[in-house]
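The values are calculated or read from the model by the stated rules, or taken from the named source; none is laboratory data. Given the structure is predicted, the values throughout are model-derived calculations rather than measurements. So basically every Cβ, Gly included, is an ideal-geometry build from the backbone, and we count neighbours across all protein chains shown. With ligands, DNA and RNA removed, areas are computed over all heavy atoms of the protein, side chains included. Shrake-Rupley method; radii C 1.70, N 1.55, O 1.52, S 1.80 Å.
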Amino acid sequence: MSIWKRPYSTETAAFKENMCDHLGIEITEVGDDFLQGTMPVDRRTIQPMGLLHGGASVVLAETLGSIAANLCCEDGAYCVGLEINANHLRSATSGKVTGTTRPIHIGRSTQVWEIKIEDDQGRPTCISRITMATKKM
């Protein structure tokens, strides 16, 4: 059984002319209880030493958690970020990283999502958690 209350469509997603577009973030899969997306490890997302920038990983994590949280909102409500944290576990220097977000808590006023980011070999590069506040329109 799906947790989503709203449909996800790549055609209606706001991925143009913003951070997601600039960094090459794409949603690749929507499961019954998870959302997955990728981000390239390239000149846009690396730091001066040639490693994936920790801030880019956090952007991917916040993007996935925010989209997922908003897909779980009732009509007339939306979610905004309250707090995000990240532990950087392994560096990546090329290819793509893939993030998968799953809910820890979906409540009426807050949601908490875990985001696991892995490199092309399936090795963990970052683990993040985002807390979202649910607001009425």
Every residue from region 41-65 that is touching a strand residue (DSSP E or B) at 6+ places or on another chain (Cβ under 6 Å) and assigned to a helix (DSSP H, G or I): 54, 57, 58, 60, 61, 62, 64, 65
Going by the structure shown, is residue 69 open to solvent by less than 40 Å² (accessible area, probe 1.4 Å) and in contact with an Asp or Glu (Cβ under 7 Å, 6 or more places away or on another chain)? no
Please go through region 33-59 and give me each residue that is of a type in the set (Ser, Thr, Tyr) and either at pLDDT below 95 or more than 14 Å from the chain's Cα centre (by Cα) (or both), ordered by number. 45
Could you identify the single residue in 109, 91, 57 that is surrounded by fewer than 18 Cβ atoms within 10 Å (Cβ to Cβ), under 23 Å from residue 133 (Cα atoms) and either out of contact with any Ser or Thr (no Cβ under 8 Å at 6 or more places or on another chain) or touching a residue at least 12 places away in the same chain (Cβ under 8 Å) (or both)? 109
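Looking at this structure, is residue 117 touching a Ser or Thr at 6+ places or on another chain (Cβ under 8 Å), farther than 30 Å from residue 137 by Cβ and either modelled with pLDDT of 95 or more or open to solvent by 30 Å² or more (accessible area, probe 1.4 Å) (or both)?
The answer is yes for residue 117.
Let's see how each residue does on (1) closer than 20 Å to residue 27 by Cβ; (2) modelled with pLDDT of 95 or more; (3) of a type in the set (A, V, I, L, M):
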position: 74; (1), (2), (3): no, no, no
position: 81; (1), (2), (3): yes, yes, no
position: 87; (1), (2), (3): no, yes, no
position: 96; (1), (2), (3): yes, yes, no
position: 110; (1), (2), (3): no, yes, no
position: 135; (1), (2), (3): no, yes, no
